[in-house]
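The values are calculated or read from the model by the stated rules, or taken from the named source; none is laboratory data. Only a predicted model underlies this, so the values are computations on that prediction, with no experimental measurement involved. Counting neighbours? That spans all protein chains shown, and the Cβs are built from the backbone with ideal geometry, glycine included.
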Amino acid sequence: MRIRQEDVELVRERSRIEEVVGEHVTLKQAGVGSMKGLCPFHDERTPSFHVRPPVGLWHCFGCSEGGDVISFVQKIDHLTFVEAVERLANRIGHTLRYEDDGGKGPVRRDQVGQRQRLVEANRVAAEFFAEQLATSPDGLAGRTFLSQRDFDREAAAHFGVGFSPRSGEALLRYLRGKAFTDDEVVAAGLAGRGQRGLYDRFRGRLMWPIRDLTGDVVGFGARRLFDDDRIEAKYLNTSDTALYKKSQVLYGVDLAKREIGRTRQVVVVEGYTDVMACHLAGVQTAVATCGTAFGADHIRIVRRLLGDDSKFGGEVVFTFDGDAAGQKAALRAFEEDQRFVAQTFIAVAADGMDPCELRHARGNEAVRSLVSARQPLFEFAIRSTLAQVDLDTAEGRIQGLRAAAPVVARIRDSALRPEYARRLAGWLGMEVEPVVRAVTGAARSLSQGSDGGRQGGGAADRNGGQPGHQGGYGDRRPDDQLPAPSLPRPDPRDPVARVEREALECMLQVPQLVPRADADALGENAFEVPAYRAVHHAILAAGGMATAQEVGPQAWAEAVRAEAPETIKHLVTELVVGSLPVDGDVALDRYVTGVVLRIAELDLTRTIGILKSRVQRAQPDGPDTGALFADLLAAEQRKISLRERIHPSI
């Protein structure tokens, strides 16, 4: 079955290629009848992607890709030819006709392309959720949540906010009534398969539809509302589907794209309500990531929207909470800064409030002021580095220089780097010349592939390389971003690696026996071995023990594999199928509890070491010394309690 050729030609002729491409690429005039911009199909700094509207063709002189408007839609949205034509036909309001491959005349088309069916399922689900928020009794919890944050019904409708019923099958029944098959509902990420059959993926939660650049609903973000929600994670997102890849979407981009193109500014916030608050306050360039760190794929989207192809590439403003996690996220953003031509900034409220809290407490003007008072991300990164040392001592200033010089050295703009070297000298209270010399040396080391002076140690074996090796999954990329090449295989002789492996085997194979409170209390860096840390992050991304204890073992393993980067999928499989060293329910229960508590003990031991180091550096009569001693004592007591709970055989 195929689309009639005359319909294909009509769609091709009536679809304005500059408008279709312009939804993904910021185009500029480049001579008579030609436009250009950054290619959306490969990473580049200077525009080599050309569009000629009069002839309806595009071509990239960098990667040699090219074609007509249909081929562009195929490539940009990963569609088949038929699906691309169907999307364009829908865009121009044309009804397509189909015929069999033998050309014997029109035939009935029972279903459109699979992708379009999934898009339609998500669209219908979004409408259903919005209606539930507006009218259902349980939806009152969602309406109250929004009202308490100064979002009225009009705001909810503008952003398409909805509510997922608590029953567990309401959406499923509704979509079945709309002629969607169970396979389509599952493929769209709206339902899951358990031991008892299908169930709604989202239950009793406030729902935000996540749209792509074209405005299609491709997934959802869901916020916990009820204390008895069996899934304790505050936010859930659609799992990766044919439509939705969390590392490749930005919430609010469909609403922000035109203003981003006009002002050449992007404001990156942390949550859905922050996007709402910014837009309602007049900062209509705000977008947010969806349950993952701001990474390379997000940068490609932002660069295309900004037309980030010259020394006047616009600006990217990151807003993060003022707590430790927010600072960590900001420094991760600095790591990716060098991919931008645009200037990068950070905006953090003095009292640590996010844009949603700021708008609620002080009004719209406070949100606008937060963005306008942004500071360069370079400065924030350098000051955050210096805040970790004691600049009141000579030793601390030297440590500060050694830590901050590589940060300054990584500033891409060679004209800006000396200025920040001079500022660093002022912040350190040192002469300019030795600071400039240190920055120059760090820049030379970076250009030669060095890590800027970071030294390795006893953990070299765990990282799978020599001291200083950063090829593994280390502290610098703590979420789901894995560097190439593949992670080194953990050393089985390492006792830390052995207990970490055993704990992950338990979490993946017998999650119902894992002490949930202890497992959920493990932080992002509780696992020291890079490969095992990556697996733990995949477990957290899949919903942690709350989800693991709810779904069946096959669904749980598949969920973790879906969240795992390609480089560790094989390791997840290995951990799932590996044999546990004990038999019998009682012995297994003790074993599982023991190895998980052992991970908690190792994590706490590292924390105690850090606290002891701080106590040793503290002034005897310093204002923070008492608090440090109290923290150290509390940590030691927690460690004693953990040891009492660990089985003697572990």
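Checked against the criteria, residue 96 counts as in contact (Cβ under 8 Å) with a residue 60 or more places away in the chain, over 26 Å from residue 249 (Cα atoms) and among the hydrophobic types (A, V, I, L, M, F, W, C). Examine the range 145-153 for a residue that is touching a Ser or Thr at 6+ places or on another chain (Cβ under 7 Å) and either free of Cβ contacts under 8 Å to residues at least 60 places away in the same chain or not assigned by TED's automatic domain parsing to the domain that holds residue 363 (or both), and state whether such a residue exists. Yes, because at least one residue in the range 145-153 is touching a Ser or Thr at 6+ places or on another chain (Cβ under 7 Å) and either free of Cβ contacts under 8 Å to residues at least 60 places away in the same chain or not assigned by TED's automatic domain parsing to the domain that holds residue 363 (or both).
When residues in the range 382-400 are screened for being surrounded by fewer than 21 Cβ atoms within 10 Å (Cβ to Cβ), in contact (Cβ under 8 Å) with a residue 24 or more places away in the chain and either closer than 16 Å to residue 446 by Cβ or of a type in the set (S, T, N, Q) (or both), 1 of them pass. Can you confirm whether residue 555 is at pLDDT 80 or above, in a helix (DSSP H, G or I) and surrounded by fewer than 21 Cβ atoms within 10 Å (Cβ to Cβ)? Criteria not met by residue 555.
All told, residue 294 meets the bar of being assigned to a loop (DSSP other than H, G, I, E, B), hydrophobic (A, V, I, L, M, F, W, C) and surrounded by 20 or more Cβ atoms within 10 Å (Cβ to Cβ).
Looking only at residues in the range 121-150 that are within 25 Å of the chain's Cα centre (by Cα) and not small (Gly, Ala, Ser), the one that is nearest to residue 361 (Cα to Cα) is 149.
Residue 484 passes every criterion in (1) assigned to a loop (DSSP other than H, G, I, E, B); (2) exposed (fewer than 15 other Cβ atoms within 10 Å of the Cβ); (3) at pLDDT 85 or above apart from (3). In the range 352-367 there is at least one residue that is surrounded by fewer than 20 Cβ atoms within 10 Å (Cβ to Cβ) and at pLDDT below 85. Screening 586, 577, 615 for residues that are in contact with a helix residue (DSSP H, G or I) (Cβ under 6 Å, 6 or more places away or on another chain), at pLDDT below 80 and farther than 19 Å from residue 528 by Cα leaves exactly one candidate, 615. Do you know which of the residues in the range 171-204 that are part of a helix (DSSP H, G or I) and touching a residue at least 40 places away in the same chain (Cβ under 8 Å) is farthest from the chain's Cα centre (by Cα)? Looking at residues that are part of a helix (DSSP H, G or I) and touching a residue at least 40 places away in the same chain (Cβ under 8 Å), I get 174.
Assess whether residue 526 counts as being modelled with pLDDT under 90, surrounded by fewer than 20 Cβ atoms within 10 Å (Cβ to Cβ), assigned by TED's automatic domain parsing to the domain that holds residue 595 and assigned to a helix (DSSP H, G or I). Judged against the criteria, residue 526 is not a match. Each residue in the range 156-172 was checked for being out of contact with any strand residue (DSSP E or B) (no Cβ under 9 Å at 6 or more places or on another chain) and more than 16 Å from residue 145 (Cβ to Cβ), and 1 of them qualify.
Filtered by the rule that a residue be surrounded by 15 or more Cβ atoms within 10 Å (Cβ to Cβ) and either closer than 19 Å to residue 384 by Cα or touching a Phe, Trp or Tyr at 6+ places or on another chain (Cβ under 6 Å) (or both), the range 423-443 gives 423, 424, 425, 427, 428, 430, 435, 438, 439, 442. Determine, yes or no, whether residue 626 is under 26 Å from residue 495 (Cβ atoms), part of a helix (DSSP H, G or I), at pLDDT below 85 and of a type in the set (Gly, Ala, Ser). When the stated conditions are applied, residue 626 does not pass them. A residue that is of a type in the set (Ser, Thr, Tyr), modelled with pLDDT under 85, under 33 Å from the mean Cα position of the chain (by Cα) and within 29 Å of residue 613 (Cβ to Cβ) occurs nowhere in the range 403-416.
The residues on offer are 373, 286, and the sole one that is more than 21 Å from residue 412 (Cβ to Cβ), modelled with pLDDT of 70 or more, touching a strand residue (DSSP E or B) at 6+ places or on another chain (Cβ under 9 Å) and surrounded by fewer than 19 Cβ atoms within 10 Å (Cβ to Cβ) is 373. Is it true that residue 542 is touching a helix residue (DSSP H, G or I) at 6+ places or on another chain (Cβ under 8 Å), surrounded by 18 or more Cβ atoms within 10 Å (Cβ to Cβ), at negative phi and not assigned by TED's automatic domain parsing to the domain that holds residue 198? In short, yes. Restricting attention to the range 205-231 and to residues that are in a strand (DSSP E or B) and among the basic types (Lys, Arg), the residue that is surrounded by the fewest Cβ atoms within 10 Å (Cβ to Cβ) turns out to be 224.
Of the strands (runs of 3 or more DSSP E) contained entirely in the range 1-62, those carrying at least 1 residues that are surrounded by fewer than 20 Cβ atoms within 10 Å (Cβ to Cβ) fall at 49-52, 57-60.
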